[in-house]
1. Would you check if Ser49 is small (Gly, Ala, Ser) and under 23 Å from Gly107 (Cα atoms)?
2. Where residues in the stretch 1-52 are of a type in the set (A, V, I, L, M, F, W, C) and open to solvent by 60 Å² or more (accessible area, probe 1.4 Å), which of them is nearest to the chain's Cα centre (by Cα)?
3. With the structure loaded, tell me whether Ser59 is surrounded by fewer than 18 Cβ atoms within 10 Å (Cβ to Cβ) and either free of Cβ contacts under 8 Å to residues at least 24 places away in the same chain or closer than 24 Å to Leu37 by Cα (or both) or whether it fails that test.
4. Of the residues in the stretch 84-113, how many are closer than 16 Å to Glu70 by Cβ, of a type outside the set (S, T, N, Q) and either surrounded by 13 or more Cβ atoms within 10 Å (Cβ to Cβ) or touching a residue at least 12 places away in the same chain (Cβ under 8 Å) (or both)?
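The values are calculated or read from the model by the stated rules, or taken from the named source; none is laboratory data. Just so it is clear, the structure is predicted and the values come from calculations on it, not from any experiment. Heads up, the Cβs are rebuilt from the backbone with ideal geometry, glycines too, and the neighbour counts pull from every protein chain shown. Please note that ligands, DNA and RNA were not included when accessible areas were found on the heavy atoms of the full protein model with its side chains. Shrake-Rupley method; radii C 1.70, N 1.55, O 1.52, S 1.80 Å.
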Amino acid sequence: MTTDPARVQHLRGLARLRGVRDRIDREYAQPLDVEALARGAHMSAGHLSREFRQAYGESPYSYLMTRRIERAMAMLRRGDLSVTEVCFAVGCQSLGTFSTRFTELVGVPPSVYRRQAEGSTAGMPSCVARQVTRPVRNREARPSEPRLA
């Protein structure tokens with residue numbers, strides 16, 4: 001049985017991208033940027049961004065911010081930390097960027113989410129709570145129905 005060198009190279013590339021995604025999942029609260037992720041995968045930042053987007057449908061930065069927002073949502077539901085404390089706990093360096101991205105993904109600012117979500121998942125298994133409160137990424141959002149005038 002012979003193996004196609006192009007296929008082997010493609011599979012190796014996918015494994016490296018999976019490694020980058022796994023690193024983001026593990027180290028979301030650390031200061032990560034595309035350049036650092038690319039160095040760890042032995043790629044240029046531009047190549048990593050293109051390949052990651054092709055494989056996963058979004059940029060590495062977008063994926064990282066989604067992970068941070070998911071974690072922030074869980075912390076805000078707990079209710080024992082302020083929005084600013086949550087922002088820095090999930091690895092964001094700017095409260096403004098955090099609030100903007102949170103609002104884009106969740107639909108409400110973090111302070112509003114915290115008030116509305118307090119106790120909303122009480123008694124719910126954590127695996128179910130994660131699923132029902134997961135933010136919707138832009139590519140997953142359903143298009144709105146066209147309005148007829």
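1. no
2. Among residues in the stretch 1-52 that are of a type in the set (A, V, I, L, M, F, W, C) and open to solvent by 60 Å² or more (accessible area, probe 1.4 Å), the one nearest to the chain's Cα centre (by Cα) is Leu11.
3. Judged against the criteria, Ser59 is a match.
4. Qualifying residue count for the region: 15.
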